[in-house]
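S.K.: Dumping the structure here so I can ask a few things about it.
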Amino acid sequence: MDPQLILGFATVSVALALTPGADWAYAISSGLGGRRIAPAVGGLLGGYLLHTILIVAGLAALVIAMPQLLAGLTLAGAAYLLWLGISTTRSWRTAGYTTTDGSASPPSGNAGTFLRGLGTSGTNPKALLLYLALIPQFIDLHAGLPAPVQTGILGISHLLISAVVYTGVAFGARRLLASRPSAARIVTLCSGIIMLGLGTVLLGEQIAAFSAA
């Protein structure tokens, strides 16, 4: 693969990973539990791996042939973000890092935390559209590697970059807010509001598209 293409993709990928969104909101809210950071980030990355697999399998052509498929994915992503936003905002009053004796608060369950992260990125149509729109621009048709292999490499590269960013976001929130329970509650509330906002926007876009049709 062309080194310049790889460098260009890495630059764009880092910029996108550093852009706050639903994944950031979930990483921050999960970071409040300390021990839930690894499964939370793992779940988010699992969603990106799913998108990579789908793109390699030719989802782009399927979406073009069946536009209603993307509409269905968008509605599912909107509904999930709304549910996750509601559950996050409801827990903001009890958000924090430590219990009264100074020990770490117990996690809600690694499997559940992982699945929430997987649902956050896996059902996010914006992330899927990002893969559909971004990766093909950096495919070198004259390279020795087949296009599906290049697609997989680029998708995994973005996944690894996101792993570093989301882990840093989660641990950074934990360190900065560990001794400030009031700030932890505010961040949790803001994370929930962001999820609710993104879910509402996605739902509104589909309603507008349906009305226009």
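S.K.: When Ser30, Ser121 are ordered from fewest to most other Cβ atoms inside 10 Å of their Cβ, what list results? All intermediate terms of the calculation are to be shown ahead of the outcome.
M.R.: Details: Ser30 31, Ser121 27.
In increasing order of surrounding Cβ atoms, one gets Ser121, Ser30.
S.K.: Something else now. Fewest Cβ neighbours within 10 Å first, please rank Asp2, Asp140, Asp23 accordingly. All intermediate terms of the calculation are to be shown ahead of the outcome.
M.R.: Working: Asp2 11, Asp140 14, Asp23 26.
With the sparsest Cβ surroundings first, the list reads Asp2, Asp140, Asp23.
S.K.: Given a Förster radius of 30 Å and the C-beta distance between Gln4 and Ala163 as r, what FRET efficiency does 1/(1 + (r/R0)^6) yield to the nearest 0.05?
M.R.: Values: r = 24 Å, r/R0 = 0.81.
Here the calculated transfer efficiency is 0.80.
S.K.: Return one quarter of the surface area of the convex hull spanned by the alpha-carbon atoms of the stretch 1-46, equal to its mean projected area, in nm². Can you show the working numbers first?
M.R.: On the way: hull surface 15.7 nm².
That works out to 3.9 nm².
Just so you know, all these numbers are worked out from the coordinates, no wet-lab data involved. Values in this document were obtained by computation on a predicted structure and should not be read as measured data. When we count neighbours, we look across all protein chains shown, and the Cβ atoms used for this are built from the backbone with ideal geometry, even at glycine.
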